[in-house]
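Student: This structure is in structure tokens; I'll ask about it shortly.
Quick note: the coordinates plus some simple rules give every number you see, no bench work behind them. In this text the structure is predicted, and so the values were computed from the model without any measurement. Here the Cβ is made from the backbone with ideal geometry for all residues, glycine too, and neighbour counts use every protein chain on show.
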Amino acid sequence: MNTLLPVLSIFWQAQRRALLVGAALAAATMLAGVALLGLSGWFITATALAGLSASAAIGFDVFRPGAGIRFLAIARTAGRYGERLVTHDATLAVLAALRERLFRGWAAPMAARQLMARPARLLFRLTADVDALDGLYLRLLMPLGAALSVALGAGVSLGLLHPALGLGLAALLLAAGLGLPVAAARAGRRPARRRAHAAEALRARTTDLLGGQAELLLAGRLPAQRDAVLAAETRLADAEDALHRIETGAGLGFGLAGSLALAGTLLAVGALVEDGAITTPQAAMALLVAFAALEPFGLLRRGAVELGRILLAARRLAPRLQAAPPPAALPLPPMGEALRLDAVTAGHPGAAAPVLQRISFSLRAGERVAVIGASGAGKSSLLALAAGELAPWQGRVAALPACLMTQRSELFQDSLADNLRLADPAAPDAVLWQALADAGLDTAVAALPGGLAARLGEGGAGLSAGQSRRLALARLLLRGAPLWLLDEPTEGLDPLLAREVLARISARAEAATLLLATHIRREAELADRLLLLEDGRLVAEHRRGEAGYAATLAMLRPD
């Protein structure tokens with residue numbers, strides 16, 4: 001139950017009134033259906049008996065029972081329509097709120113790195129896991145409330161005929177109606193979890209097979225990946241078969257319980273009619289009420305079988321449903337400085353060893369500094385520290401507000417303008433065009449159909465690598481932060497285009513402080529000072545004009 005509490009609280013907070021109205025409509029619909037069947041049975045039997053004599057037929061009132069039947073039929077139809085409309089609308093709204101909570105829960109430092117490491121898992125959480133939670137209300141809570149209402153209503157109505165009859169039917173309804181779903185939920189918990197894991201594995205492996213065919217073929221792993229997909233599909237089919245068997249068994253149990261309720265009620269009302277305690281029409285009504293009263297509990301069968309999947313989804317999502325607190329801003333450095341690190345040791349969460357060890361340096365406001373070193377030396381981690389994306393294990397980091405441009409340009413399947421407005425949501429079109437002009441991309445964008453409204457494909461498809469890099473630069477320019485953190489900004493670009501991008505960065509960074517991580521000579525030439533990292537340690541520092549500066553530049557990879 002503790003697993004479901006965060007999810008239930010979101011259901012309650014997001015659509016409390018709609019969920020309660022939907023449950024009330026569901027209960028009213030079920031009660032109207034049972035009452036309709038019972039009243040119809042009473043009316044048909046009473047009409048038949050009244051027709052046996054002329055005096056009884058003349059005195060028999062057909063109007064009020066007929067009006068009651070019509071009212072109940074209309075009420076059941078309208079209630080069913082209203083219940084479906086309200087409950088599904090409310091559930092979809094809750095699922096949208098859940099997805100928003102998940103996105104906000106992922107809005108935390110280092111989240112991007114985690115998401116890039118396991119993108120298939122995140123996609124499964126946002127789609128299949130969230131969708132699984134619709135059964136919590138639609139297939140469990142709402143049917144349970146309606147079924148209990150019917151059990152109470154049936155017990156009271158038959159109790160008015162005879163207390164023992166009402167009590168016996170209510171006891172049977174609760175014992176069978178709740179016992180069978182509980183047994184089905186217990187039996188289906190493990191197969192439901194296996195089905196969820198198999199579905200996730202099947203999706204991830206199929207995506208890898210389709211998206212990485214060339215790499216798998218070159219590595220000789222294409223048959224193995226295909227076998228892995230088939231194995232996941234087999235596990236999924238086995239789990240679904242087990243769940244179908246459990247659901248069928250539960251359906252058989254409900255059928256037997258219904259037959260038992262009908263047979264018991266038949267014997268009871270037969271004895272009561274013989275004793276003169278009730279009339280024959282009342283006996284017919286009791287039989288039909290007993291026949292219909294167990295049906296609402298049968299709706300719990302599907303939800304009970306899926307309970308294991310619902311619990312698994314809730315357990316997976318619960319840690320991220322609480323919105324992450326906004327990361328604490330880094331303290332400001334002393335006046336005249338843009339960044340200061342004092343004896344900082346840092347590493348990635350869960351790592352046994354630090355990536356950076358006792359790093360100390362500072363950047364003056366307006367200074368341009370390049371961090372150089374071999375791959376794995378800790379350059380990107382140093383930028384993450386300065387951006388507040390990575391928390392220090394020891395030491396202190398102080399920095400002005402910063403914007404970080406990583407090696408990978410993260411573009412989304414949206415309009416070009418909306419990709420830019422990630423940096424400044426309120427920016428008018430004129431400001432966007434100016435940023436594109438400063439990045440050297442305005443002419444190319446103007447040539448696109450729709451201009452700023454042109455839609456990009458997944459990952460920015462529709463733009464070349466250079467255009468994507470310049471679009472990322474334009475987005476950085478829109479931020480207007482005083483500290484720019486650039487991680488190999490021209491990696492992968494041809495030399496001519498790379499120098500154009502660097503020239504535009506240099507021109508726009510006149511009022512900003514620039515810290516860039518690189519192992520390319522053309523990028524390091526922008527810097528007034530070079531910091532050399534080796535194995536996470538700051539081992540050397542060279543300023544422009546010193547002999548070590550030129551020698552260090554000469555060691556870097558040329559254009």
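Student: Using alpha carbons only, how many degrees (0 to 90, rounded to 10) separate the axis of helix 429-438 from the longest principal axis of the chain?
Tutor: So the helix axis and the longest Cα principal axis differ by about 40 degrees.
Student: Can you tell me, using C-alpha contacts under 8 Å and at least 6 residues apart, the relative contact order of the stretch 337-555 as a whole percent?
Tutor: Once divided by the residue count of the stretch 337-555, the mean separation gives 29 percent.
Student: Residues of the stretch 232-247 with amide nitrogen under 13 Å from the 7 Å Cα-to-Cβ point of ALA263?
Tutor: The answer is none, because no backbone nitrogen lies closer than 13 Å to the label point.
Student: What is the distance in Å between the Cα centres of the stretch 524-559 and the stretch 142-193?
Tutor: 77 Å
Student: Give me the Kirkwood hydrodynamic radius of the chain in Å, from all C-alpha pairs, to one decimal place?
Tutor: This gives a value of 29.4 Å.
Student: Counting only DSSP beta bridges with both residues in the stretch 337-555, what percent are antiparallel, rounded to the nearest 5?
Tutor: So the antiparallel bridges in the stretch 337-555 amount to around 50 percent.
Student: Using only the Cα atoms of the stretch 438-554, construct the convex hull and provide its projected area averaged over every direction, in square nanometres to one decimal.
Tutor: One quarter of the hull surface, i.e. the mean projection, equals 8.8 nm².
Student: Give me the percent relative contact order of the chain, please, defined on Cα pairs under 8 angstrom at least 6 residues apart.
Tutor: In percent, rounded to a whole number, it is 15.
Student: Taking R0 as 60 Å, what's the FRET efficiency between GLU458 and ALA547 from their Cβ-Cβ distance, rounded to 0.05?
Tutor: Step by step, r from the Cβ atoms, then E = 0.75.
Student: For the stretch 229-237, in order, what is each residue's ³J(HN,Hα) by Karplus, 6.51 cos²θ - 1.76 cosθ + 1.60 with θ = phi - 60°, in whole Hz (x at glycine and Pro)?
Tutor: Computed from phi, the couplings for the stretch 229-237 are 5, 5, 5, 5, 5, 5, 5, 5, 5 Hz.
Student: Pull out a ≥ b ≥ c, the square roots of the eigenvalues of the alpha-carbon gyration tensor of the stretch 337-555, then state rounded if a/c is under 1.5, prolate if not and a/b is larger than b/c, and oblate in the remaining case.
Tutor: prolate
Student: Could I ask something else about it? The stretch 361-405 to the stretch 452-485: how many Å between their Cα centroids?
Tutor: Cα centroid to Cα centroid, the span is 22 Å.
Student: Further question: Would you kindly state how much longer the chain becomes between LEU217 and HIS197 on full extension, computed as 0.36 nm times their sequence separation minus their alpha carbon distance, in nm to one decimal?
Tutor: 4.5 nm is the gain from fully extending LEU217 to HIS197.
Student: Ranked from highest to lowest mean number of other Cβ atoms within 10 Å per residue, what is the order of the peptides 358-367, 220-229?
Tutor: Result, highest mean Cβ count within 10 Å first: 358-367, 220-229.
Student: Just to be sure I understand the model, the point goes 7 Å from the Cα along the line to the Cβ. What's the resulting GLU410 to ASP429 distance in nm?
Tutor: 2.8 nm
Student: Still on this structure, I have one more. How much FRET efficiency would the formula 1/(1 + (r/R0)^6) give for THR47 and ASP275, where r is the Cβ-Cβ distance and R0 is 22 Å, rounded to 0.05?
Tutor: 0.35
Student: Give the percent of DSSP beta bridges with both residues in the chain that are antiparallel, rounded to the nearest 5.
Tutor: Roughly 50 percent of the beta bridges in the chain run antiparallel, per DSSP.
Student: Starting with the highest mean, order 331-337, 427-433, 290-296 by the number of other Cβ atoms within 10 Å, averaged over the residues of each peptide.
Tutor: 290-296, 427-433, 331-337
Student: Moving to a separate point now. What angle, in degrees between 0 and 90 and rounded to the nearest 10, separates the Cα long axis of helix 495-508 from the longest principal axis of the Cα atoms of the chain?
Tutor: 90 degrees
Student: I've got another one for you. I'd like the orientation of helix 307-321 relative to the chain: the angle between its Cα long axis and the longest Cα principal axis, in ° from 0 to 90, rounded to 10.
Tutor: Helix 307-321 sits roughly 40 degrees off the main axis of the chain.
Student: Next up: Using modelled backbone amide H atoms (1.01 Å from N, in-plane), which distant-in-sequence or interchain residues come within less than 5 Å of TRP393's amide H?
Tutor: When sequence neighbours closer than 5 places are left aside, the close amide H contacts are THR345, ALA346, GLY347.
Student: Could the peptides 369-378, 443-452 be put in order, highest first, of the mean number of other beta-carbon atoms found within 10 Å of their residues?
Tutor: 369-378, 443-452
Student: Using each residue's phi in the stretch 206-217, evaluate 6.51 cos²θ - 1.76 cosθ + 1.60 at θ = phi - 60° and report the 3J(HN,Hα) Karplus result to the nearest Hz, with x for Gly and Pro.
Tutor: 5, 4, 5, 5, 6, x, x, 4, 5, 5, 5, 5
Student: Hey, what did the stretch 199-317 get for relative contact order, percent, Cα under 8 Å, at least 6 apart?
Tutor: Once normalised by length, the contact order is 23 percent.
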